[in-house]
Amino acid sequence: MSRPLDDILVLDLTHVLAGPFATSQLQDFGARVIKVERPGTGDDTRAFPPFLQGESAYFAALNHGKQSITLDLKSAPDRAIFDRLLARADVILENFRPGTMERLNYGWDALHARLPRLIYGAVSGFGHTGPEAGKPAYDMVVQARGGVMSITGEEGGPPVRVGASIGDIVAGMYLVQGVLAALVARNRTGLGSKIDISMLDAQIAIQEHSLAITTATGKPPGRTGARHPTITPFSTFRASDGFFVIAAGNDALFARLCITLGQPQLAADPRFATNEARCENVHLLKRMIESVTLARTRAEWVAILDQAGLPTGLVQNMAEAIADPQITARNMVLGIPPRAGGPAFMAAGNPVKMTGLPDPAPRGPAPSLDGDRAAILGWLDQPDSPSTDAD
C-alpha cells in the first residue's frame, strides 16, 4: 500500500526536538528522510538519557527509520555531496539560528534561485523576522514568553512549565502543516515555498481561551490548576484512591452529572444553574462534588459516569497510559526494529489515521551516526534513481 508522501525526499538538517518531530511525522506519511548530521557528534539527542546498550532512547523515538550521513557544510567535498542531495530533494528543513544557512550560501534566496521547486522549512525560537529574530531559545523560553507558563500551575502558586515540550512539539506540528501546504501549492505552481515557523508564534496560536479572555476583558487569566477557566465543572476530582476528571461542558451534562451523583437539586440551585454561575462558584461546587466522590474509588466513578454518558477519565501516568486498551488498539505505542545487535526501543505511533495510510506503517531502526553514508552515496551515483525508504 502506498503512502501519501512515498515519492518525497526530505533533507533533515534539524536537531533535538521541533525539527526531528516534524520529519518523523513526514516519514510516517511516507517521505524518505535523510538526516544530515554534524561530523563526530551528530544530533545533540544522541547524548540524551535514558540509554539502552549505550544508545539514546530519546534519539531513537524521534529518528527511527531515517537515514544518517555526516557532512561538514564548510568543507568543499562535503558541500559537493550536499549539493547532489539538494538536486534530488523535495524539501529541506533546518532549525539553525536565523542567518546560519545564509552564511553557508544555503539560505532560501540562494536555494530558490538554483532549485525553484525546492521547499525550504525553518523552525527557530523567534522566527526569521522581527527585532529578536537572532536570539536563541529553548522550549521553556517560549513557554514563558508566550504566556503559557502564566496560566499553568495551581492557583496562587508559581508559574509552571507544561510537562511535555509543547514549545517544540507545537512548532513541529505547524512545520508539518506548512510543508504539506507547500507541497500542494507546488503541484499547482511548480514552485517551492519558504516556511518560517517561530516557536513563540506557535505558543500564541494554541491559547484560544487565554487570548479571548485577555482581549475581551483587558485582564489576562491566571493559573487555575487542572481547571478550565471558562467551563465548570471541568477539572480533576478526588476519589478515595486518587484523581479522575469530569468534563461537564454544558448545562445538560451538568444536570445529568448531578443526577448521577445523587444530587439532582444542584442543577436547579441558582449558584450552579448556568455555566457562568458555576464558574463564579467553582470552589464551592468542587467541594460539594468531592463530598460525594470521596466515597468511591476512581475506577468505580469512571464506570458509573461512563454508564451515564458523561465525559470522564482516570488521571494516568505514562506507564498506565501506554497500557491503556484504547491506546494500544489504535497502535499508538510501537516497537522500533533494532539494528543487528542493537537495542529495541519503543516510540509513539502515528496519531493521523487516514484511509490509504497503513497503520501501523513500516518502521526502520534508529540510524547510527553516518551509518547510511555508503548507501546514500551509492544511490546518488545511480542517475534518475527515485528516492526509497531506508532499509
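Residue-wise test of (1) farther than 17 Å from residue 234 by Cβ; (2) free of Cβ contacts under 8 Å to residues at least 60 places away in the same chain; (3) of a type in the set (A, V, I, L, M, F, W, C).
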site	(1), (2), (3)
299	yes, yes, yes
302	no, yes, yes
311	no, no, no
315	no, no, yes
319	yes, yes, yes
322	yes, yes, yes
328	yes, yes, no
336	yes, no, yes
- Message: Suppose we keep only residues that are outside any helix (DSSP H, G or I) and among the hydroxyl-bearing types (Ser, Thr, Tyr) within the stretch 273-301. Which one would you say is farthest from residue 261 (Cα to Cα)?
- Response: 274
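Let's see how each residue does on (1) farther than 29 Å from residue 160 by Cα; (2) not polar (S, T, N, Q):
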| position | (1), (2) |
| --- | --- |
| 227 | no, yes |
| 257 | yes, yes |
| 261 | yes, yes |
| 268 | yes, yes |
| 274 | yes, no |
| 287 | no, yes |
- Message: Of everything in the stretch 57-86, what is closer than 20 Å to residue 344 by Cβ, touching a residue at least 24 places away in the same chain (Cβ under 8 Å) and among the hydroxyl-bearing types (Ser, Thr, Tyr)? Give them in sequence order.
- Response: 68
- Message: Residues to consider are 93, 71, 104; find the one that is within 25 Å of residue 125 (Cβ to Cβ), surrounded by fewer than 17 Cβ atoms within 10 Å (Cβ to Cβ) and among the aliphatic types (A, V, I, L, M).
- Response: 104
- Within the stretch 182-204, track down each residue that is under 18 Å from residue 133 (Cβ atoms), assigned to a helix (DSSP H, G or I) and out of contact with any Ser or Thr (no Cβ under 8 Å at 6 or more places or on another chain). 200, 201, 202, 203, 204
- strands (runs of 3 or more DSSP E) enclosed by the stretch 1-103 - at least 2 residues per element that are within 18 Å of residue 195 (Cα to Cα): 9-12, 91-94
- Assess whether residue 226 counts as being free of Cβ contacts under 8 Å to residues at least 60 places away in the same chain, within 20 Å of residue 272 (Cβ to Cβ), surrounded by fewer than 14 Cβ atoms within 10 Å (Cβ to Cβ) and not assigned by TED's automatic domain parsing to the domain that holds residue 150. yes
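May I ask you to list the residues in the stretch 117-140 that are surrounded by fewer than 17 Cβ atoms within 10 Å (Cβ to Cβ) and aliphatic (A, V, I, L, M)?
Answer for the stretch 117-140, where residues must be surrounded by fewer than 17 Cβ atoms within 10 Å (Cβ to Cβ) and aliphatic (A, V, I, L, M): 133, 140.
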- Quick one: in the stretch 107-116, of everything that is of a type in the set (Gly, Ala, Ser) and under 16 Å from residue 73 (Cβ atoms), which residue is surrounded by the most Cβ atoms within 10 Å (Cβ to Cβ)? 107
- Message: Can you confirm whether residue 386 is farther than 21 Å from residue 52 by Cα, outside the structural domain of residue 46 (by TED's automatic domain parsing), surrounded by fewer than 16 Cβ atoms within 10 Å (Cβ to Cβ) and modelled with pLDDT of 90 or more?
- Response: no
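For (1) among the hydrophobic types (A, V, I, L, M, F, W, C); (2) touching a strand residue (DSSP E or B) at 6+ places or on another chain (Cβ under 9 Å), each residue gets a yes or a no:
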site	(1), (2)
318	yes, no
331	no, no
336	yes, yes
375	yes, yes
381	no, no
- Query: Restricting to the stretch 205-223, what's the tally of residues that are assigned to a loop (DSSP other than H, G, I, E, B) and either free of Cβ contacts under 8 Å to residues at least 60 places away in the same chain or among the charged types (D, E, K, R) (or both)?
  - Reply: 4
- Message: Condition first: at pLDDT below 95 and farther than 30 Å from residue 99 by Cα. Can you find one or more residues in the stretch 191-209 that meet it?
- Response: yes
- Query: Looking only at residues in the stretch 279-309 that are touching a strand residue (DSSP E or B) at 6+ places or on another chain (Cβ under 8 Å) and of a type in the set (Ser, Thr, Tyr), which one is surrounded by the fewest Cβ atoms within 10 Å (Cβ to Cβ)?
  - Reply: 297
- Task: Evaluate the following for residue 369: is it surrounded by 11 or more Cβ atoms within 10 Å (Cβ to Cβ) and either assigned to a strand (DSSP E or B) or in the same structural domain as residue 262 (by TED's automatic domain parsing) (or both)?
- Result: no
- Item | the stretch 147-172, subset more than 16 Å from the chain's Cα centre (by Cα) and without any contact (Cβ under 8 Å) to a residue 60 or more places away in the chain, residue surrounded by the most Cβ atoms within 10 Å (Cβ to Cβ) | 149
- Note on the structure: Here the residues within the stretch 229-251 that are in a loop (DSSP other than H, G, I, E, B) and buried (at least 19 other Cβ atoms within 10 Å of the Cβ) are 232, 233, 248
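The values are calculated or read from the model by the stated rules, or taken from the named source; none is laboratory data. For clarity, every value in this text was computed on a predicted model and none was experimentally measured. So basically every Cβ, Gly included, is an ideal-geometry build from the backbone, and we count neighbours across all protein chains shown.
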